[in-house]
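What follows is a set of notes on a single structure, which appears directly below.
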Amino acid sequence: MTLFNMAIKNVKRNFYNYFIYFTSMVFSILIYFTFTSIQYNQQILDLADEIGKVASGFKAASVVIAIFVAIFIWYSNSFFTRKRKKEIGLYSLMGVKKREIGRMLFYENIAMGALALLAGIFLGSLLSKVFIMLLLKLMGISIEVKFAIVPKAIINTCITFGILFLITSIHGYTIIYRFKLIDLFKAESTREKEPKASAILAILSMIFIIGGYKIYLDMFDERLNLGFGTRILLTLVLVVIGTYFFFSSFVVFVVKLRKKNKKHFYNGINMIGISQLSHRIKGNSRTLATIAVLSATTLTAMGVTASFAYDLKVNNKIKYPFSYVNDLTNKEVDKKIENIMAKYPKNKLLGSVDVNLLRFKGDLPNVFRNIQFAVDKDVNIDVISQSNFNETAKLRGLDYKFTLNNPNEIVLFDESHSNKIMDSYTGQTLKLKLPTGNKNFKIIDFKSYPLLSQYMSRITIVVQDNVYKEVFNNKNIHKVKAYMNANEEDSEQLTEELMNFADKSLKPLTKDPMMWHFSSYYIMYKSGLVTSGLLMFTAGFLGLVFLLATGSIIFFKQLSEANDDKERYSLLKKIGVNKKEIKNSISKQLLFVFLLPLILGIIHSLVAVSILGDALNLDLTIPLGISVGAYALIYMVYYLITVSSYNKTVNSKI
């Protein structure tokens, strides 16, 4: 029998293992090729000229995917190689030279890699159009997507995975030289080195995790004199280390406590199941900790990015309540703008309001909880009369009424106020620097959103009409006009013409680059839609990659252990344990192994988004709930597949 015939028979005999390894390679190539196809697709490149975020976003994503799939394929190759060590030992025992065995493994891996490359690129070419359509749909872009084969993507994928397969093939070639014959035969019965359980590490695991949570949740506590970046880094280090200690030591002690429950421990085959579970947790502690950390990262990213889309319309309408706002210089400009609007009946003008603001310098009260933050002094403060405010509020649909009983009372609008790091302005004193001298006003209420549009007037105060008349000065007048139009989310042509007119005709409101002279709801809505769509697509796709990869890793680990456990379960069968009891024991053990990293990952992500939601002013409850539900559903499908495969393996000889 030739070496080639032996290899063919071995492939047929171990088709299941070959299929798992081959499928993992095809999946990795498919994902990477899809991203590079989108990155180099001409339609996307044309869009990137207008939307610069697309190209840069996919370049970053492709790098992350390349690194992750390289690790995943290396892990899959290691699992596959370990399964074949006994076979390699048999070849050597039969007298086949080491060089020939090495060449066979090298060529076999290269051949499988080439076939996987062809299959992955072929499937990726078919699916890339679907993913591009999905991306553009999420970004709110309506264009006809053409089917295209992208040569650059093919070359990029072939080079990336060609190098990776060459490295894994060389690694496979050296196996026969790196192990003794006896080691090859014992490979399948050799488990990973088990980390020793330590009472100190078990206690430290909880201290590190809870301590990391505490530092993160008290992000703005001035008692801890730590910067934002330092807190984030310290939290990550403590939680990651605590997670690894949690699986290597803390969980082991919890499992041991179950042994002290004699009634439960000696019931049926629980004694064997609990003992195996302790060994299983210890042997897989690093893998489980890694899965918990990756799950937390994935869920946090998916929840936050989904929230951008979920809250886009609500938040955008708060920040940009009017269809258009411009720095009105004269009635002629106003007339030209309205004439442009009249050309678009579907975006007809529903109403407008003249807003007359007085701009002065002033000092805001210090409401920062952390004394390290600077107090806003000598900042631009816009003053509006209460009657003019009522007109403005009516047009924007703002149902907010108040009464200014005294001349020194005001209501404040501050778009940069954050409840997480700042106290309330209510009851505080604001100093306004008037031409006649400084004057203090008492803030009776405030709103943490702009009165007009973001970056048009950061600080606005509402005063009594008679106070407004007292301080009125034509030199300080700042006239603004706000418009409300129909179908503002479908006003691309109108907005484009108005923006061109504004760029040519309107003078900047201020030299401050953060202040605008023309604001458009559609521009910001479209920009937010593009950003949230891109983030959702990228995070969702990467989340799916991480989920499938981590699920596959734990699947490979448990399947490897199933082969080791064949003889143990065979002995149980001989002493009277039936298949149903064995299946129940396996299901319980694997459920514990699968659920533990998932639950801890979910807890990590909940803590992470608790601060992110406040910082980004996003409602993360529903998006995170959907993300967790979808993630857990797919994850548990892996559990069911693993239980089924494990049972088939251990029962094959029973």
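With the structure loaded, tell me whether ALA482 is closer than 26 Å to ASN315 by Cβ and part of a strand (DSSP E or B) or whether it fails that test.
The answer is yes for ALA482.
In the range 377-436, what residues are touching a residue at least 60 places away in the same chain (Cβ under 8 Å), part of a loop (DSSP other than H, G, I, E, B) and of a type in the set (S, T, N, Q)?
SER418, ASN419, GLN428, listed by residue number.
Please list, ordered by residue number, the helices (runs of 4 or more DSSP H) wholly in the range 99-198 having 2 or more residues that are small (Gly, Ala, Ser), surrounded by 13 or more Cβ atoms within 10 Å (Cβ to Cβ) and modelled with pLDDT of 80 or more.
Output list reads 151-173.
Restricting to the range 443-478, name every residue that is part of a strand (DSSP E or B) and under 25 Å from ASN316 (Cβ atoms).
Hits for the range 443-478 are ASP445, PHE446, LYS447, ILE459, THR460, ILE461, VAL462, HIS478.
So, in the range 320-335, of the ones that are of a type outside the set (Phe, Trp, Tyr) and touching a Phe, Trp or Tyr at 6+ places or on another chain (Cβ under 6 Å), which residue ends up modelled with the highest pLDDT?
SER323
LYS317 is checked against (1) under 30 Å from the mean Cα position of the chain (by Cα); (2) at pLDDT below 80 and fails just one. What number does that condition carry?
Here LYS317 meets the rest and fails (2).
From the residues in the range 453-469 that are within 18 Å of GLY362 (Cβ to Cβ) and within 36 Å of the chain's Cα centre (by Cα), which one is surrounded by the fewest Cβ atoms within 10 Å (Cβ to Cβ)?
Taking the candidates together, the pick is ARG458.
Select from the range 632-646 the residues that are touching a Leu at 6+ places or on another chain (Cβ under 7 Å) and either among the hydroxyl-bearing types (Ser, Thr, Tyr) or without any contact (Cβ under 8 Å) to a residue 24 or more places away in the chain (or both) and list them in ascending order.
TYR635, TYR639, THR642, SER645, TYR646
Does VAL69 fit the bill of being within 30 Å of ALA539 (Cβ to Cβ), in contact with a helix residue (DSSP H, G or I) (Cβ under 6 Å, 6 or more places away or on another chain) and either modelled with pLDDT under 75 or assigned to a helix (DSSP H, G or I) (or both)?
yes
Being buried (at least 18 other Cβ atoms within 10 Å of the Cβ) and within 34 Å of the chain's Cα centre (by Cα) is the filter here, so list the residues in the range 397-424 that pass it.
PHE413, ASP414, GLU415, HIS417, MET422
Go through the range 328-340 and give me each residue that's in contact (Cβ under 8 Å) with a residue 60 or more places away in the chain, out of contact with any Ser or Thr (no Cβ under 9 Å at 6 or more places or on another chain) and of a type outside the set (Val, Ile, Thr).
LEU328
Could you check, for the range 620-627, whether at least one of its residues is at pLDDT 80 or above and within 15 Å of PHE546 (Cα to Cα)?
Yes, the range 620-627 contains at least one residue that is at pLDDT 80 or above and within 15 Å of PHE546 (Cα to Cα).
Going by the conditions given, is GLU338 at pLDDT below 90, acidic (Asp, Glu), assigned by TED's automatic domain parsing to the domain that holds HIS478 and in contact with a Phe, Trp or Tyr (Cβ under 9 Å, 6 or more places away or on another chain)?
Yes: the conditions hold for GLU338.
Give me the pairs: first residue in the range 601-626 and at positive phi, second residue assigned to a helix (DSSP H, G or I) and modelled with pLDDT of 70 or more, beta-carbon distance under 8 Å, and six or more apart or on different chains, which are they?
ASN617/ASN315
The values are calculated or read from the model by the stated rules, or taken from the named source; none is laboratory data. In this text, all values refer to a predicted model and were calculated from it rather than measured experimentally. Note that each Cβ is placed from the backbone with ideal geometry, even for glycine, and that neighbours are counted across all protein chains shown.
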